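Peer 1: Let me begin by handing over the structure; questions about it come next.
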Amino acid sequence: MRTGGAERHWATLVPALRERGVDAGVLCLTGEGPFFGELRGRGVPISSIRMRGRFDLGGWRRALACAATRPDLVVSRNVSAQLVGARIARRAGVRHVLNEHTPVRVDGKLVPPRPHQRALTRVATRRVDAVIAVSDSQVAPLRALGYRNVTVVPNGVFEADVAGVGPSPEFDGEGFAALCVSGLRPEKRIDVFIEAVRAARREKAAISGYVAGEGREDERLAALANGSGVTLLGVRTDARELMRAASVVCLTSEAEALPMSVLEAMALGRPVVATKVGGTADAVVDGETGFLVEPGDVEAVTRALLALAADPARAAAMGVAGRRRQRERFDGDAMVDGYLSALGGLIAAVPRSRRP
């Protein structure tokens, strides 16, 4: 339960399901993370089995003990969790569902798993009864991997989660603050954001950039950001407050599913500059709620930043339009309705009398 978009999605979805009467809990395989404590504080049963690897017998015993709680359904996310979830579901005699957040590249393919995960994916595919994806862009590549029963439930943002969010003082005194909230991973292409801010500052020095997130590219990006006008903020638990204070929220990934950072930026009334990949184009309307650019196009991001910085009224209007679109198409309550429908149908397909 680190600070990624998929983790944030679960951190908002699970409590909302519980408010609707679902007895939902969370099992983490290896550790805890910032959202772990948040969920526990909201009354969600959550634990970590601290599994040290695929051959950790003690970890497997702790995982399989969950079947004794007689769940009606097991939902997993990512390859390792699929394998563990499949075993729990089999022991409990219930359906196993994959919640898929894997990003989609511009060529329409999912971001490939790491080498050791490829064989695991082939095994895990056979042990999943259904998939809940977050974007239509994921459907074709998921079916190509062998998944058959795929339902799409778009991510959503709850009004209660943004209504009381005030601006962080982080950007006080900044003329035009561009913010990127993202994991520091290769597919996120933070380097494009850094170079775009560097180029934009040559024409308008009042533009500054900020990146909130962590990841394995931390050192490389810190070196690249030196002298660029971009500050790496590291892990932040106040991402929404940072968005509220920013002039624009950017996401320059070469692959995405349906990023929560974009939806939250829209919910907070901020214009968005993002790459046209995955489900991002479903959220951002080019020229209306922000700008869509091709992956890797530093010049296009630079032009977008300069255009917004030069026309605050247009930027504000884009933020208002984005807020309206988020409410209409990516509302949190609609997301919960979608999960209740999808999960409820799968539970009904396996009568209680057939379960252990």
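Peer 1: Got at least one residue in region 165-179 being crowded, with 20+ Cβ neighbours inside 10 Å and either within 21 Å of the chain's Cα centre (by Cα) or under 22 Å from Gly278 (Cβ atoms) (or both)?
Peer 2: yes
Peer 1: Only residues in region 294-312 that are closer than 12 Å to Glu195 by Cα count as the first member; pair them with residues that are of a type in the set (Ser, Thr, Tyr), Cβ under 7 angstrom, at least 6 apart or cross-chain, and list the lot.
Peer 2: Every condition considered, the pairs that remain are Val301/Thr252.
Peer 1: Considering only region 249-287, state which residues are free of Cβ contacts under 8 Å to residues at least 40 places away in the same chain and farther than 20 Å from Phe176 by Cβ.
Peer 2: Thr280, Ala281, Asp286
Peer 1: Go through (1) in contact with a strand residue (DSSP E or B) (Cβ under 6 Å, 6 or more places away or on another chain); (2) farther than 25 Å from Val152 by Cα; (3) in contact (Cβ under 8 Å) with a residue 40 or more places away in the chain for Ala245 and report which single condition fails.
Peer 2: Among (1) in contact with a strand residue (DSSP E or B) (Cβ under 6 Å, 6 or more places away or on another chain); (2) farther than 25 Å from Val152 by Cα; (3) in contact (Cβ under 8 Å) with a residue 40 or more places away in the chain, the lone unmet condition for Ala245 is (1).
Peer 1: Tell me, which helices (runs of 4 or more DSSP H) wholly within region 198-304 include 3 or more residues that are surrounded by fewer than 20 Cβ atoms within 10 Å (Cβ to Cβ) and of a type outside the set (A, V, I, L, M, F, W, C)?
Peer 2: It comes to 218-225.
Peer 1: Taking region 133-159 on its own, how many of its residues are closer than 30 Å to Arg244 by Cα, in contact (Cβ under 8 Å) with a residue 24 or more places away in the chain and of a type in the set (A, V, I, L, M)?
Peer 2: Residues that pass the stated criteria total 4.
Peer 1: Here's a follow-up. Can you tell me which residues in region 166-197 are outside any loop (DSSP other than H, G, I, E, B) and either of a type in the set (Gly, Ala, Ser) or not assigned by TED's automatic domain parsing to the domain that holds Val235 (or both)?
Peer 2: Here is the first cut: in region 166-197, the ones outside any loop (DSSP other than H, G, I, E, B) are 169-171, 176-181, 186-188, 190-197.
Result: Ala177, Ala178, Ala196.
Yes/no per residue for (1) assigned by TED's automatic domain parsing to the domain that holds His101; (2) in a loop (DSSP other than H, G, I, E, B); (3) touching a helix residue (DSSP H, G or I) at 6+ places or on another chain (Cβ under 7 Å):
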{"residue": "Thr12", "(1), (2), (3)": "yes, no, yes"}
{"residue": "Glu32", "(1), (2), (3)": "yes, yes, no"}
{"residue": "Glu38", "(1), (2), (3)": "yes, no, yes"}
{"residue": "Arg52", "(1), (2), (3)": "yes, yes, yes"}
{"residue": "Phe55", "(1), (2), (3)": "yes, yes, no"}
{"residue": "Ala65", "(1), (2), (3)": "yes, no, no"}
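The values are calculated or read from the model by the stated rules, or taken from the named source; none is laboratory data. It should be emphasised that the depicted structure is a prediction, and the values quoted were computed from it without experimental measurement. Every residue, glycine among them, receives a Cβ derived from its backbone with ideal geometry; neighbour counts consider all protein chains shown.
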